[in-house]
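The values are calculated or read from the model by the stated rules, or taken from the named source; none is laboratory data. Please read all numbers here as calculations on a predicted model, not as lab measurements. Glycine gets a Cβ as well: all are built from the backbone with ideal geometry, and neighbour counts include every protein chain shown.
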Amino acid sequence: MKAVKDLTINENMTIKELVKQFSETGGFSASKIAKASKIIKNMQSDKDCFKILSHPACIVSTGTRGLIRDLVKNRKIDAIMTTCGTLDHDLARLWKDYYQGSFMMDDKELHKDGINRLGNILIPNECYGEVLEDNLQPIIKKLHSERKEWSVHELIWAFGESIKDENGAEDTIIYWAWKNKIPIYLPGPLDGAWGAQLWNYWQMNRDFKLNLFEDDQDFYVRVTDAKKAGAIMLGGGISKHHVIWFNQFRDGLDYAVQVSTAVEYDGSLSGAQTREAISWGKVKKEASHITVEGDVTLILPLII
């Protein structure tokens, strides 16, 4: 057994030094942050590992978008599994700003003023639905003229290429996904404003089609061809499940780090610990894995 050491902090300490101390102080969640950081470091240095990031859309409305963008830009991950809103926020913030607010603001007044509240992030109508409709429809029309049927991850790459000359394009996730040919998979592509614009266009152009089978096939091949696989899973839901589902076909993940605020006692996938996935064959029994409880916008920057 290792003795518990006291945490010491000084004004010259780096975040790296702080997180290293977490492994020695016996802090309840702090020690998990240190372990998660070590697992991800080992995953990054494993040249045989196919590295996956799964996350919900909401964090892309915050500054955490920049951290995800840099993981893609610097090729620290090989694929993203997420939800439609990731494209909503990534593209909307290309053309308009989001604003800081408070969880305690009056939602009736905000609605009257045409402002949507996402936690403590404020998103005026003109910065979301309106700007997306104005900018996405011409892109969709152009891409439809090039191809009638698209897999979703290839369509996202095409969007990334379409915005390459926009001011601020390099601040987006999808630009770098296209640039580095890192696939972004959306198992539920219509569940958001980006998908709604595709659906709106389809009303008058019924030969415009999405092929989700191609996306699942592409992800399946990448996962099963890899000698090893690892995942950083932020939150849960369909993004997390699609990652672990396909990894069961290769006998499970070799590395798994989950960050979630959800609890496990209600049986939810979002709250299910990584150890539960071992029983399903979705995480290997000898895998390096950890679940860290906490808000991704706080925990992920410390880990990375």
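Before we move on, is residue 96 in contact with a Lys or Arg (Cβ under 8 Å, 6 or more places away or on another chain) and farther than 23 Å from residue 188 by Cβ? No, not satisfied. Among the residues making up the stretch 28-63, those that are part of a strand (DSSP E or B) and either among the hydrophobic types (A, V, I, L, M, F, W, C) or surrounded by fewer than 23 Cβ atoms within 10 Å (Cβ to Cβ) (or both) are 49, 50, 51, 52, 53.
Is it the case that some residue within the stretch 76-87 is crowded, with 18+ Cβ neighbours inside 10 Å and farther than 24 Å from residue 214 by Cβ? Please lay out each step first, then the result.
Start the filter on the stretch 76-87 by keeping residues that are crowded, with 18+ Cβ neighbours inside 10 Å, which leaves 77-87.
Filter again for farther than 24 Å from residue 214 by Cβ, leaving none.
No: the stretch 76-87 contains no residue that is crowded, with 18+ Cβ neighbours inside 10 Å and farther than 24 Å from residue 214 by Cβ.
Would you call residue 7 without any contact (Cβ under 8 Å) to a residue 60 or more places away in the chain and in contact with a helix residue (DSSP H, G or I) (Cβ under 9 Å, 6 or more places away or on another chain)? Taking the combined requirement at face value, the residue satisfies it.
The residue pairs whose first member lies in the stretch 285-304 and is within 17 Å of residue 255 (Cα to Cα), whose second member is among the hydrophobic types (A, V, I, L, M, F, W, C) and at pLDDT below 95, and whose beta carbons are closer than 9 Å, counting only pairs six or more residues apart or on different chains, are 292/303; 303/19. The set of residues from the stretch 142-178 being charged (D, E, K, R) and within 18 Å of residue 88 (Cα to Cα) comprises 154, 161, 164, 166, 170, 171.
Scanning the stretch 160-175 finds one or more residues that are under 16 Å from the mean Cα position of the chain (by Cα), charged (D, E, K, R) and assigned to a helix (DSSP H, G or I). Among the conditions (1) in a helix (DSSP H, G or I); (2) over 27 Å from residue 76 (Cα atoms); (3) of a type in the set (Ser, Thr, Tyr), the only one that residue 102 does not satisfy is (1).
Checking 184, 121 one by one, the residue that is within 24 Å of residue 69 (Cβ to Cβ), out of contact with any His (no Cβ under 8 Å at 6 or more places or on another chain) and surrounded by 14 or more Cβ atoms within 10 Å (Cβ to Cβ) is 121 and no other. Only one entry of 107, 97 meets the criterion of being of a type in the set (Asp, Glu) and either without any contact (Cβ under 8 Å) to a residue 12 or more places away in the chain or crowded, with 16+ Cβ neighbours inside 10 Å (or both), and that entry is 107.
Of all the numbered requirements in (1) among the hydrophobic types (A, V, I, L, M, F, W, C); (2) surrounded by fewer than 19 Cβ atoms within 10 Å (Cβ to Cβ); (3) over 24 Å from residue 217 (Cα atoms); (4) in contact with a strand residue (DSSP E or B) (Cβ under 7 Å, 6 or more places away or on another chain), residue 278 misses one, and that requirement is (3). Looking at the stretch 31-44, which of its residues are closer than 19 Å to residue 294 by Cβ, in contact (Cβ under 8 Å) with a residue 12 or more places away in the chain and not basic (Lys, Arg)? Matches in the stretch 31-44: 33, 34, 36, 37, 39, 40. Considering each residue of the stretch 64-83 in turn, none proves to be in a helix (DSSP H, G or I), of a type in the set (Ser, Thr, Tyr), touching a residue at least 12 places away in the same chain (Cβ under 8 Å) and out of contact with any Ser or Thr (no Cβ under 6 Å at 6 or more places or on another chain).
A residue that is in contact with a helix residue (DSSP H, G or I) (Cβ under 9 Å, 6 or more places away or on another chain) and of a type in the set (Lys, Arg) cannot be found anywhere in the stretch 148-163. Considering only residues in the stretch 99-146 that are more than 18 Å from residue 87 (Cα to Cα) and polar (S, T, N, Q), the one that is nearest to the chain's Cα centre (by Cα) turns out to be 120. Between a residue in the stretch 136-154 that is part of a helix (DSSP H, G or I) and at pLDDT 95 or above and any residue that is surrounded by 13 or more Cβ atoms within 10 Å (Cβ to Cβ) and among the charged types (D, E, K, R), which pairs come within a Cβ distance under 7 Å, given they are 6 or more apart or on different chains? So the pair list comes out as 152/215; 153/215; 153/218.
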